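Comments concern the structure below.
The values are calculated or read from the model by the stated rules, or taken from the named source; none is laboratory data. These numbers were taken from a predicted model, which means no experiment stands behind them. Cβ sites come from the backbone with ideal geometry, for glycine too, and all protein chains shown count toward neighbours.
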Amino acid sequence: MEILEKAPAKLNFSLDTPFRHADGNHEWQMVMIAIDLADYVQVRTIPTSKQITVLTDSGFLPCDRRNLAYQAALKLQQDYQVDQGVEIIIKKNIPVAAGMGGGSSDAAAVLRALNQAWNLKLSKAKLAQIGLEIDSDVPFCVYSEPALVTGKGELINPLGDFPSLWIIVAKPKASVSTPTILKQIDYSNLAHLDVTGLVSALKEQDYAQITAKMGNVLEPITSKKHPDILRIKTKMLKFGADAAQMSGSGPTVFGITQKYSRAQHIYNSLRGFCDEVYLVRPLSATSKKEGS
Ligand code: ATP
């Protein structure tokens, strides 16, 4: 059986961490959305062998056990004693090591596809639980709809439809290692965010409050080593974005506006400074259901 899954990128409208768990994992408070920039993940089951193979069009991504899509297939195969192999072909469109959850989304796409192809009948909540063992962003990516994400990444509280926005995404040249950034978090010195306030503003569709409550506590850490982040952010605001910030552990920066003409102006202006710029929309809960 062959299944093609779309694996959308994610952005953090809010990223905070109240504390670190005793096991070293972080407790998260994040408002996350999926956007219409996506990898394509083709999954073909192989009844005659138990081998897992991953192919990508990226020149540098590992295709062995280090690939999160490989790990997702292996986990399902082992946990549910499946006697089949799988070939996974990934068309990468999401920038790698960018704070946009590309690897996690590919892994989530494999979980969804193999759940169907192997007729495992697992709920999304179960797939999210399995996904947490691969990466803290995988549970969100199993759903890929606007959500408040808490716990170690496994508690997904859907937020319903997201306001109609245009998002300009700019990826500076640098690649960032998430574990390296997370190690530098100094809990005694974090300026925490009003994540609950952002959730209320989203529910009330109060755009002014949404822009006021957005934020990312990792931005000062990553931008110390990558000052391009702050330069791009300043330019986005200067060109007319109502808010701009880093996503995940960076270095991708995104800005928002409600006006398409302004979004186009920001997009065109930034293309002179940054090689990778995208003009995207949030995937709302409704648009996903209509499209599925
Ligand atoms: P995070 O979700 O931790 O914030 P990220 O979005 O910043 O990560 P990814 O593009 O997911 O970045 O890549 C992070 C690391 O995962 C890279 O070092 C990359 O080599 C590895 N990786 C493994 N599998 C994949 C995959 N399928 N796509 C992209 N990166 C992958």
| Residue check for SER223: without any contact (Cβ under 8 Å) to a residue 40 or more places away in the chain, outside the structural domain of THR17 (by TED's automatic domain parsing), more than 26 Å from ALA174 (Cα to Cα) and not in a loop (DSSP other than H, G, I, E, B) | no
| query | If you check ASN115 against the conditions, is it away from the ligand (no atom under 15 Å from the Cβ), farther than 30 Å from GLU276 by Cα and assigned to a helix (DSSP H, G or I)? | reply | yes
| query | Quick check, is LYS152 in contact with a helix residue (DSSP H, G or I) (Cβ under 9 Å, 6 or more places away or on another chain) and either in contact (Cβ under 8 Å) with a residue 40 or more places away in the chain or exposed (fewer than 15 other Cβ atoms within 10 Å of the Cβ) (or both)? | reply | yes
| Subset of the stretch 33-48 (residues that are surrounded by fewer than 23 Cβ atoms within 10 Å (Cβ to Cβ) and in contact with a helix residue (DSSP H, G or I) (Cβ under 7 Å, 6 or more places away or on another chain)) | THR45
| message | Regarding the stretch 79-93, can at least one residue be identified that is in contact with a strand residue (DSSP E or B) (Cβ under 8 Å, 6 or more places away or on another chain) and part of a helix (DSSP H, G or I)? | response | no
| query | Of all residues in the stretch 57-96, which are surrounded by fewer than 17 Cβ atoms within 10 Å (Cβ to Cβ), within 8 Å of the ligand (Cβ to nearest atom) and within 19 Å of GLU276 (Cβ to Cβ)? | reply | SER58, PHE60, VAL96
| request: Take the stretch 246-280 and flag every residue that is buried (at least 23 other Cβ atoms within 10 Å of the Cβ) and within 16 Å of the ligand (Cβ to nearest atom). | output: MET246, SER247, GLY248, SER249, GLY250, PRO251, THR252, VAL253, PHE254
| task | Could you grab me the full set of residues in the stretch 119-177 that are within 13 Å of the ligand (Cβ to nearest atom), of a type in the set (A, V, I, L, M) and closer than 25 Å to VAL253 by Cβ? | result | VAL138, VAL149, VAL169, ALA174, VAL176
| message | So, ARG112, is that one surrounded by fewer than 18 Cβ atoms within 10 Å (Cβ to Cβ), outside the structural domain of THR252 (by TED's automatic domain parsing) and of a type in the set (D, E, K, R) or not? | response | no
